[in-house]
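Only one structure is covered here, and it is reproduced in the block below.
Where a number appears in this text, it was derived from the coordinates with a stated rule and is not lab data. This is a predicted model, so every value here is computed, not measured. Methodologically, a virtual Cβ is constructed for each residue, glycine included, from the backbone with ideal geometry; neighbour enumeration extends over all protein chains shown.
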Amino acid sequence: MILSDRDIREAVLKGEISIEPFNPNNLTPNGYDLTIGEIFIEGKVVKEAKIKPLQWFAISTKEYVKLKNVTAQLWLRSSYARKGVLSTFGKVDAGFEGCLTISCFNTHQEIEIKEGDRFCQIVFEKLLSRPSKYYEGKYKGQKTVKLE
């Protein structure tokens, strides 16, 4: 079951979801828009960048997300997809907490991105039961772009 904006607000109040900082303007009917925290390109971290065609880059989200009995999917905002950006997204497991790292590739036209831009949407899904174990992997607690 995908959570609506009202469900997300309720889950935040119950402590099942935490998004810091939380901006009510980033709520969508069925998700929340995450913003760019860091940009990793050409071996360094920058606050803004011009991404050339056929160039790889990674971003971290500004938001620190915590999930309890909820899991999530990430989806690239269509405004970036329409510019030719491709991204790979994994499932965000119940028990995960941290900023998210997103690997991206620009296919055909130069684009500009900067810290604070809304980049992707996180879509939350309610679990039917409590998991037997929560995420405890190596990315838990990350606050910056983490590639390894």
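Is segment 65-79 home to any residue that is without any contact (Cβ under 8 Å) to a residue 24 or more places away in the chain and under 24 Å from Asn25 (Cβ atoms)? For segment 65-79, residues without any contact (Cβ under 8 Å) to a residue 24 or more places away in the chain and under 24 Å from Asn25 (Cβ atoms): present.
Contact map, segment 115-143: first residue touching a residue at least 24 places away in the same chain (Cβ under 8 Å) and closer than 18 Å to Leu74 by Cβ, second residue of a type in the set (S, T, N, Q) and assigned to a loop (DSSP other than H, G, I, E, B), Cβ cut-off under 6 Å, separation 6 or more or different chains; pairs are Leu127/Asn69. You will find that of Thr71, Thr88, the residue that is surrounded by fewer than 20 Cβ atoms within 10 Å (Cβ to Cβ), more than 17 Å from Val12 (Cβ to Cβ) and not charged (D, E, K, R) is Thr88 and no other. Among all residues of segment 42-56, there is none that is closer than 27 Å to Arg6 by Cα and out of contact with any His (no Cβ under 9 Å at 6 or more places or on another chain). When segment 3-52 is filtered for residues that are within 30 Å of His108 (Cα to Cα) and assigned to a helix (DSSP H, G or I), only Asn26 remains. Restricted to segment 60-148, the set of strands (runs of 3 or more DSSP E) holding at least 1 residues that are out of contact with any Asp or Glu (no Cβ under 6 Å at 6 or more places or on another chain), of a type in the set (A, V, I, L, M, F, W, C) and under 23 Å from Pro21 (Cβ atoms) comprises 64-67, 70-76, 101-106, 111-114, 118-126. Taking every residue in segment 81-109 that is in contact (Cβ under 8 Å) with a residue 24 or more places away in the chain and pairing it with any residue that is among the hydroxyl-bearing types (Ser, Thr, Tyr) and part of a loop (DSSP other than H, G, I, E, B), at least 6 positions away or on another chain, the pairs with Cβ-Cβ distances below 6 Å are Gly84/Thr107; Asp93/Tyr135; Ala94/Tyr134; Gly95/Tyr134; Gly95/Tyr135; Phe96/Tyr135.
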